[in-house]
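One structure is given here, and the rest of the page talks about it.
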Amino acid sequence: MSDEVIKWLGEIRTLKEQLTTLQQERDQLKESESNWRNLYATEAQQRRTDAKLAQQQLEQIRSKLSNEALNQQIKKTDSFRAKTIFLEEIKGLDTVETLKDKLLEVMQERDSLKEVLTKEQENHEQTRKSLTAVIGETVDQLAKERKK
């Protein structure tokens, strides 16, 4: 019996070693599974974030396109209204004399606007020169202060 007991004890020891090895392998597999699960969750979260950003960009583009189309439609409508008003005004110019008067009025308005524009350009030039001079003086003063 003692041979049998020794044999059984050897088998029990072998089975215990196999059990320990299998438990270690199981633990390693669980750890690997956990790592893969975390990687998958991280990747899935990144995909959801990317999808949200893409959706937001798409909405912004749609909104922008919609606004541009609306603005173009407004411009067309305004242009059409202006043309209609001009055509109605032209219809009222039924004689050569009224046409000459209107032409004279438009030319005077053009000349007046040209004078205003010229004056504005002169003022702009003067302002630019004044600002340039002030900036130059400020730089000179700053340089003097730094030397002290």
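The values are calculated or read from the model by the stated rules, or taken from the named source; none is laboratory data. Everything numeric here is computed off the predicted structure, so don't read it as measured data. Every residue, glycine as well, gets a Cβ built from its backbone with ideal geometry; the counts of neighbours run over all protein chains shown.
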Original post:
Among the residues of the range 130-144, is there at least one that is loosely packed, with under 10 Cβ neighbours inside 10 Å, over 30 Å from residue 86 (Cα atoms) and over 42 Å from the mean Cα position of the chain (by Cα)?
Top reply: yes
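For every residue, the table says whether it meets (1) modelled with pLDDT of 75 or more; (2) on the phi < 0 side of the Ramachandran plot; (3) basic (Lys, Arg).
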{"site": "38", "(1), (2), (3)": "yes, yes, no"}
{"site": "48", "(1), (2), (3)": "yes, yes, yes"}
{"site": "82", "(1), (2), (3)": "no, yes, no"}
{"site": "101", "(1), (2), (3)": "yes, yes, no"}
{"site": "108", "(1), (2), (3)": "yes, yes, no"}
{"site": "111", "(1), (2), (3)": "yes, yes, no"}
**OP:** Could you run through the range 54-113 and say how many residues are outside any helix (DSSP H, G or I) and either among the β-branched types (Val, Ile, Thr) or touching a strand residue (DSSP E or B) at 6+ places or on another chain (Cβ under 9 Å) (or both)?
**Re:** 1
